[in-house]
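Trainee: My structure is below; once you've seen it, I'll send some questions.
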Amino acid sequence: MLTNVELEEFKNKLLDRRVQIEKNLTGTSLELDGMRDLELNDEGDYAAASAETIVDSAILVQQRKELNEIELALDKIKQGTYGICEMCEDPIGRPRLEVKNFARFCITCREINEKEQK
């Protein structure tokens with residue numbers, strides 16, 4: 001079980017990351033809007049801009065996904081279920097939470113879950 005001090009630490013890390021992602025999302029959205037207004041002179045410009053837009057869009061999707069995971073983790077902290085595996089209901093373990101603050105599964109269940117996803 002995590003102590004209140006540890007929970008507070010993870011909560012602060014999650015909140016900091018949420019702020020960072022929200023800034024990234026806002027910045028990238030503004031850049032993408034700016035790209036639409038650019039006058040692209042030739043197909044080369046357009047291809048380069050399109051490739052960048054695809055990469056930026058993929059990053060946006062990934063960051064939105066992470067933002068959802070963070071919100072879920074913050075809700076779990078409020079409900080007192082943070083750090084507990086969603087599958088086996090065993091503690092996830094501090095080392096895993098350090099690496100991935102919003103982990104929803106312990107290592108064993110994560111591997112099972114990933115195999116089922118494929």
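Trainee: Considering only residues of the range 92-118 that are of a type in the set (A, V, I, L, M, F, W, C), out of contact with any Gly (no Cβ under 9 Å at 6 or more places or on another chain) and over 15 Å from Lys11 (Cα atoms), which is surrounded by the most Cβ atoms within 10 Å (Cβ to Cβ)? Steps first, please.
Mentor: Going residue by residue through the range 92-118, those that are of a type in the set (A, V, I, L, M, F, W, C) are 92, 97, 99, 102-103, 105-107, 109, 112.
From what's left, out of contact with any Gly (no Cβ under 9 Å at 6 or more places or on another chain): 99, 102, 105, 109, 112.
Still in the list and also over 15 Å from Lys11 (Cα atoms): 105, 109, 112.
Values: Phe105: 20, Cys109: 17, Ile112: 13.
Checked the range 92-118; the qualifying residue surrounded by the most Cβ atoms within 10 Å (Cβ to Cβ) is Phe105.
Trainee: Output yes when any residue across the range 58-72 is modelled with pLDDT of 95 or more, over 16 Å from the mean Cα position of the chain (by Cα) and either of a type in the set (Gly, Ala, Ser) or surrounded by 12 or more Cβ atoms within 10 Å (Cβ to Cβ) (or both), and no when none is.
Mentor: no
Trainee: Still on this structure, I have one more. Taking interchain pairs and intrachain pairs at least six residues apart, which have beta carbon atoms under 8 angstrom, with the first residue in the range 5-30 and within 23 Å of Val61 (Cβ to Cβ) and the second at pLDDT 95 or above and β-branched (Val, Ile, Thr)?
Mentor: Listed by first residue and then by second, the contacts come to Leu14/Ile70; Leu14/Ile77; Arg17/Ile70; Arg18/Ile70; Ile21/Ile70.
Trainee: Are any residues in the range 73-91 surrounded by 15 or more Cβ atoms within 10 Å (Cβ to Cβ) and acidic (Asp, Glu), and if so, which ones?
Mentor: Just the residues of the range 73-91 that are surrounded by 15 or more Cβ atoms within 10 Å (Cβ to Cβ), to begin with: 73-74, 76-77, 82-86.
Result: Glu86, single match.
Trainee: Within the set of pairs 6+ apart or on separate chains, which have a first residue in the range 57-74 that is under 12 Å from Ile21 (Cβ atoms), a second that is charged (D, E, K, R) and surrounded by 12 or more Cβ atoms within 10 Å (Cβ to Cβ), and C-beta atoms under 8 Å apart?
Mentor: Glu66/Arg17; Leu67/Arg18; Leu67/Glu22; Glu69/Arg104; Ile70/Arg17; Ile70/Arg18; Glu71/Arg18
The values are calculated or read from the model by the stated rules, or taken from the named source; none is laboratory data. Just so it is clear, the structure is predicted and the values come from calculations on it, not from any experiment. Methodologically, a virtual Cβ is constructed for each residue, glycine included, from the backbone with ideal geometry; neighbour enumeration extends over all protein chains shown.
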